[in-house]
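To keep things clear, I will list the structure first and then write my remarks on it.
The values are calculated or read from the model by the stated rules, or taken from the named source; none is laboratory data. Quick caveat: nothing in here was measured; it's all calculated off a predicted structure. Heads up, the Cβs are rebuilt from the backbone with ideal geometry, glycines too, and the neighbour counts pull from every protein chain shown.
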Amino acid sequence: MKITSAEFVKSAFSEKDWPRAPLPEVAFLGRSNVGKSSLINSLLGVKGLARTSSTPGRTQALNFFLINRRFHFVDLPGYGYARVPKSIREEWGEFVTAYLANRERLVLSIHILDSRHDPTQLDVQLSEWLSAHGRPALRVATKADKLSRNELRRNLRRASEVLGAAGEPARLVAYSAVTGAGRDEVWRAISEAVAVSHPPR
């Protein structure tokens, strides 16, 4: 997909802050510091649009970005080991769950994992939750350039088995924000989800 415009819209800290424009939304979610912001910036070919940080849990709100004036990217707070009080972590969990469960404009959830590590129990729970709630999802394994070809193949196979359901392995897309590997495949899934819900005029 050709990116003609990409702009930050707002940070939403409650449901009343969600954009009201009737546009499809693609959500990015994963463990804290798994590379969500880097993935978004890489997909858009823009440096610094989504803020990256070495500090886990830096994204504390739902951040909305308007892409080509046609759909939104939504950067969700990371889950896991965020360095914030437990009460705030629990509040984020309720906030994010409400968005994922109730947002009618959500057409695709991009579940991001680190290709260097096995999926955590939280990763498995999120994958099962999205499936149980009928939310279309694409699993993307980031930082693929940091592994050898054999290591990557082995890790993807193991993650696919862990995240699979009913004996069927899950599909994962290996992605590198450095080399751009996997970019076309991710964009293909996004374009198809947006087109189905919001066909071009």
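Does A177 satisfy the condition of being in contact with a helix residue (DSSP H, G or I) (Cβ under 8 Å, 6 or more places away or on another chain), among the hydrophobic types (A, V, I, L, M, F, W, C) and more than 20 Å from L76 (Cα to Cα)? Taking the combined requirement at face value, the residue does not satisfy it. Here P56 passes the criteria (1) at pLDDT 90 or above; (2) within 17 Å of the chain's Cα centre (by Cα) except the one numbered (1). The residue that is nearest to A21 (Cα to Cα), among those in the range 82-93 that are part of a helix (DSSP H, G or I) and at pLDDT below 70, is W92. Put simply, of F73, F65, F28 the only residue that is touching a His at 6+ places or on another chain (Cβ under 8 Å), modelled with pLDDT of 85 or more and either part of a loop (DSSP other than H, G, I, E, B) or surrounded by 12 or more Cβ atoms within 10 Å (Cβ to Cβ) (or both) is F65.
Considering the range 31-42, and only residues there that are crowded, with 22+ Cβ neighbours inside 10 Å and among the small types (G, A, S), the residue that is farthest from K2 (Cα to Cα) turns out to be G35. The residue of the range 120-141 that is surrounded by the fewest Cβ atoms within 10 Å (Cβ to Cβ), among those that are β-branched (V, I, T) and farther than 15 Å from G35 by Cα, is V124. Of the residues screened, A144 is one that is closer than 21 Å to N33 by Cβ, surrounded by 13 or more Cβ atoms within 10 Å (Cβ to Cβ), in contact with a helix residue (DSSP H, G or I) (Cβ under 7 Å, 6 or more places away or on another chain) and modelled with pLDDT of 85 or more. Within the option set L172, L113, being over 18 Å from N33 (Cβ atoms) and either of a type in the set (A, V, I, L, M, F, W, C) or within 16 Å of the chain's Cα centre (by Cα) (or both) holds for one residue only, L172.
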